[in-house]
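Read-outs: derived from the displayed coordinates by stated rules, not from any lab. Since the model is a prediction, treat every value here as computed from it, not as a measurement. Methodologically, a virtual Cβ is constructed for each residue, glycine included, from the backbone with ideal geometry; neighbour enumeration extends over all protein chains shown.
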Amino acid sequence: MITHVPGFPELPIGTLFCIGRNYAEHARELNNPVPENPIIFTKPISSVIVDGNQVVIPSGSTEVHHEAEMVVLIGRGGRNIPRNEALQHVLGYGIGIDITARDVQSNLKDKGHPWLLAKGLDTFAPLGTFVASATAGSPSEMSVRMLVNGEIRQDGNTKDLLFPVDDLIARLSSFFTLRAGDLIFTGTPAGVGPLRDGDSATAVLGDNVSVVNITVKQG
Ligand code: ZN
């Protein structure tokens, strides 16, 4: 069981906040409206796996999707953090994959139920090694790529985020006290698609700033 932030072995992982539909093109590809406010959900820590681990497709799903995302690591907590101070609360950046059982999610959405059972299962939050913000580069222009069996499936850039990192931190901290070790999955660019038994997949942030390799097996 992973308990600490990859790359920051002294820092326990806190809450995994996730943002839905933060790229207009991705919202459109799933026939969803572009949101006026960020869609916010969380994943349990038990969903975290790291580089080289295996994603398990649950028996209740036949359509598990990859969603490569830039993930923000909070280093200094706070409440009601102003947008112009928000980036000072960031310790680093990494790549993450918001694994999603799309068929289960569609059912839950139809019923108006929370997305937890589609997004929060064991192995559904692969994380790469986090890199300190000073060396990672600008969070407002980083490529976010997903390769499955060597083929590029997603090739986005954080410059297209509808709600950028400073805005997300300001908004999240208006609802929740942020703490060191909290992670924010910032949403996925277009190109989401299925992962199947036997696949090998890689998600990459920027110019190999952070990388996570996974394999996939049917549970
Ligand atoms: Zn996502």
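Quick notes on this one:
- Across Lys109/Lys159; Lys111/Lys217; Lys43/Lys109, pairs whose alpha-carbon gap is larger than 24 Å: Lys109/Lys159; Lys111/Lys217
- Averaging Cα coordinates gives a centre for the range 1-45 and one for the range 58-92; these two points are 5 Å apart.
- ³J(HN,Hα), Karplus 6.51/-1.76/1.60, whole Hz, each residue of the range 181-198, x for Gly, Pro: x, 5, 10, 10, 6, 8, x, 10, x, 4, x, 4, x, x, 10, 10, 3, x
- Calculated FRET value between Glu63 and Lys159, using beta carbons and R₀ = 25 Å, to 0.05: 0.25
- Whole-Hz ³J(HN,Hα) from phi, Karplus 6.51 cos²θ - 1.76 cosθ + 1.60, for the range 53-66, glycine and proline x: 8, 10, 8, 9, 6, x, 5, x, 9, 10, 9, 9, 9, 8
- Length gained on full extension, Asn213 to Ala24, computed as 0.36 nm times the residue gap minus the Cα-Cα distance: 65.4 nm.
- Rounded to whole Hz, the Karplus (6.51, -1.76, 1.60) HN-Hα couplings of the range 82-90, x for glycine and proline: x, 4, 6, 10, 4, 5, 5, 8, 8
- Under 5 Å, built H, 5+ apart or other chain: amide partners of Gly7: Phe130
- Residues whose amide H comes within less than 5 Å of that of Phe163, counting only those at least five positions distant or on another chain, are absent (H built at 1.01 Å from N in the peptide plane).
- Within the same chain, aspartates and glutamates fewer than 8 places from Lys119 are excluded, and of the rest, those with a Cα less than 15 Å from its Cα are Glu63, Glu67, Glu69, Asp98, Asp103.
- Long-range amide H partners of Asn157 with built H, under 5 Å: Val144
- Averaging the sequence gap over all C-alpha pairs within less than 8 Å and six or more residues apart, then dividing by the number of residues, gives the range 32-164 a relative contact order of 29 percent.
- Each Lys and Arg contributes +1 and each Asp and Glu -1, all at the Cβ; summed about the Cα centre of the chain, the dipole is approximately 480 debye.
- Enclosed volume per residue, in Å³, of the convex hull spanned by Cα atoms of the range 1-151: 145
- Environment charge of Asp98, counting only residues whose C-beta is closer than 10 Å and scoring Lys/Arg +1, Asp/Glu -1: 0
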